[in-house]
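No value in this document is a laboratory result; all are computed from the given coordinates. Keep in mind that what you see is a predicted model, and the values were worked out from it rather than measured. Ideal geometry is used to build each Cβ from the backbone, glycine not excepted, and the neighbour counts take in all protein chains shown.
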Amino acid sequence: MFHRVLSVAGGLCLAVCLFVPGSAFAQNNPPNPAPDQQAAPATAAPDQSKVDEYAEAQRALNGPAGNPECVWLGRRVVSLLWRDDLDTAFRHLDLYDRFGCPSGHIQAAFRCLVQHSNSIDPKAADSLNGRVQTCWINPTLVDPPPAASAAAPAATATH
């Protein structure tokens, strides 16, 4: 009978040793709030430059090509085509079409981008984005003619 009491006492000591540190640890940490009580991250005000880009496109373009959803999707399609990500570009193009955006504007903007590719710095991400934005707003963009001094090499005197 004494052995049985020792076994029960030993079991109780073991149980206390296992559960007390866990409950003591839990008491030292602040309780986590419930998911619905967690503070939602503060929503930052929309980037003003993006808002300005969409407003500029709406002023410059007549029709649906100037709608913000068409501008956003269309510029992404043109950029993805430039980077040879054709699968993603075609998925975006499907969305672009579903919003009733003009597919001819994609073609004209991409043609403009290809024609002005010499002004894109591959090391600067904003260079491509800026050129896509410019071509989206004015797909018939024409480069200025080269300066006369640059076109004619300087004459050198030979003796």
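With each pseudo-label sitting 7 Å past Cα toward Cβ, what's the D126-T140 distance in nm, one decimal?
3.1
Give, as a single signed number, the net charge of other residues whose beta carbon lies under 10 Å from the beta carbon of P68, with Lys and Arg counted +1 and Asp and Glu -1.
Residues close to P68 contribute a combined charge of -1.
Rounded to the nearest 20 debye, what is the charge dipole size of the stretch 48-137 about its Cα centre when +1 sits on each Lys and Arg Cβ and -1 on each Asp and Glu Cβ?
100
Once the piece of chain linking Q115 and R91 is laid out straight, how much longer is it, given 0.36 nm per residue of separation minus the C-alpha distance between them?
Separation in residues times 0.36 nm, less the Cα-Cα distance, equals 6.2 nm.
Go through 114-124, 51-61 and give me the packing order, highest mean Cβ count within 10 Å leading.
Final packing ranking: 51-61, 114-124.
Stretch K50-R83 to full length: gain in nm at 0.36 nm per residue minus the Cα-Cα span?
9.7 nm
Hey, got a sec? Which trypsin sites (Lys or Arg not before Pro) in the stretch 64-102 land in a DSSP loop and have at most 12 other Cβ atoms within 10 Å?
R83
Along the stretch 62-70, what does the Karplus equation 6.51 cos²θ - 1.76 cosθ + 1.60 (θ = phi - 60°) give for ³J(HN,Hα), rounded to whole Hz, x for Gly and Pro?
For the stretch 62-70, the Karplus curve yields 8, x, x, 4, x, 5, x, 5, 6 Hz.
Which order results if T88, T140, T134 are arranged by neighbouring Cβ count within 10 Å, fewest first?
By the 10 Å Cβ count, ascending: T140, T88, T134.
Where a ≥ b ≥ c are the square roots of the eigenvalues of the C-alpha gyration tensor, would you call the stretch 48-137 rounded, which needs a/c under 1.5, or, failing that, prolate if a/b is larger than b/c, or oblate?
It comes out oblate by the Cα gyration axes.
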